[in-house]
Amino acid sequence: MRVLIVHNRYRLPGGEDRSVSEEVELLTVHGHQVALLAADNTGLGAAGAVLAGLMSVWNPAAYRRARQLIRRFRPEVASVHNVIPQLSPSVYYAARAERVPIVQTLHNFRLLCPAATMMRNGTVCESCFGRTLAWPGIVHACYRGSRLATASVASTSAVHTVLGTWQRRIDLYIALTEFARHRFVQHGLPADRIAVKPTCLLKDPGPGGGGESILFVGRLSPEKGVGVLLEAWKRLARRPPLIIVGDGPLRLELKRDCRALDGVQLLGWRSATEIFLLMQSSRLLVVPSLWYEGLPRTVIEAFATGLPVFASSLGSLAEVVDDGRTGRLFRPGDAEDLAAKIDWALSHPGELGRMRNEARAEYEAKYTAKRNYELLMEIYRRAIAGQK
């Protein structure tokens, strides 16, 4: 199969960029021909960012470039990830003009929220949900702290809602979870054209033997809830070692806090190999997010290593973590409830051991490269059949 991958890379590379790279690798390994239509935001600069923002509604150059590549490569399907800001939705029209079916993966909530996070001032925000123009987001400068940048993103979504782009130009959507699928259907996307396919791990790290430490892996930013974890840890009568892995805007603040806490290690950024080793030798992973996560890669990695996940009962986390089987759920932002769940884990090593086995079984059933490839092919074939 000939597959065109379309992606506007992010200024700061993250999980979505990595997922796109792995999709390319997954397809290539299975013998498919892959072409990449990409844009990169890293070298834009201030003036370039403003221009790209203005072009995010429709970029004639991206349209021409897409049609030229499609005519040369003749893809059977276009797998689209991010088109904002440089590629723009013009690439959908280019693919349609060449009669190429389009599959759009919804990695985040950009269609529902200019910032793509559905979070403001540290809490979940749905002020823009269901609106054609996300004017509350513009007022609050939710995207990059700029009303102009937010207006650009919000206008792109609004214009293409009015034009029917999301309804009529895209053959199939991929949501990462049922929770995300439900929210997009509520927003107006056609329910019968949204498939659910989670992300996966291309390489299986294998289960570990467990250990004593509590582990956090993620961006050190307010929405990730690491402050809730520290507060919960302080409340524990018995305090196992706490290891925090990651970097971000809260790093210096957390570094100061951790100096005064015996038993807490702030490791900073670590490679994927190092993270797997930490997961294989930890007691449990805590995901204390305060926002609607897409599908955190760390949860899949934890399941692959047989590590139970203790997560906020919020959004997709409440779906992905089976409370009492693959981990435990606690009330979002509630340090006392999280502390109680960790206390339970310390007092029930046998139950935690059973959870390790169940977490690994969950990975093998849902998140392997083999299962992901099967689902991806089903979706591509369905999109292609719909064009005939």
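The values are calculated or read from the model by the stated rules, or taken from the named source; none is laboratory data. Predicted model only: the values in this text are computed from it and were never measured. Please note: Cβ atoms are built from the backbone with ideal geometry, for glycine as well, and neighbour counts cover all protein chains shown.
Remarks
- Answer from Asp192, Asp171 - the residue that is without any contact (Cβ under 8 Å) to a residue 12 or more places away in the chain and of a type in the set (Asp, Glu): Asp192
- Cβ pairs under 7 Å, 6+ apart, first in the stretch 61-77 and at negative phi, second of a type in the set (Ser, Thr, Tyr): Ala62/Ser88; Ala62/Ser90; Tyr63/Ser90; Tyr63/Tyr93; Val77/Tyr380
- The one condition from (1) touching a residue at least 24 places away in the same chain (Cβ under 8 Å); (2) touching an Asp or Glu at 6+ places or on another chain (Cβ under 6 Å); (3) surrounded by fewer than 15 Cβ atoms within 10 Å (Cβ to Cβ) that Gly263 does not meet is (2).
- Residue that is nearest to Arg120 (Cα to Cα) [pool: residues in the stretch 212-260 that are in contact (Cβ under 8 Å) with a residue 24 or more places away in the chain and basic (Lys, Arg)]: Lys224
- Counting only strands (runs of 3 or more DSSP E) that sit wholly inside the stretch 159-268, those with at least 1 residues that are under 22 Å from Ser313 (Cα atoms) and either outside the structural domain of Glu25 (by TED's automatic domain parsing) or not small (Gly, Ala, Ser) (or both) are 194-196, 213-217, 242-245.
- Restricting attention to the stretch 311-347, the residues that are in contact (Cβ under 8 Å) with a residue 60 or more places away in the chain, part of a helix (DSSP H, G or I) and within 20 Å of the chain's Cα centre (by Cα) total 3.
- Among the residues making up the stretch 145-173, those that are exposed (fewer than 15 other Cβ atoms within 10 Å of the Cβ) and either at pLDDT 95 or above or within 24 Å of Gln104 (Cα to Cα) (or both) are Val162, Gly164, Gln167, Arg168.
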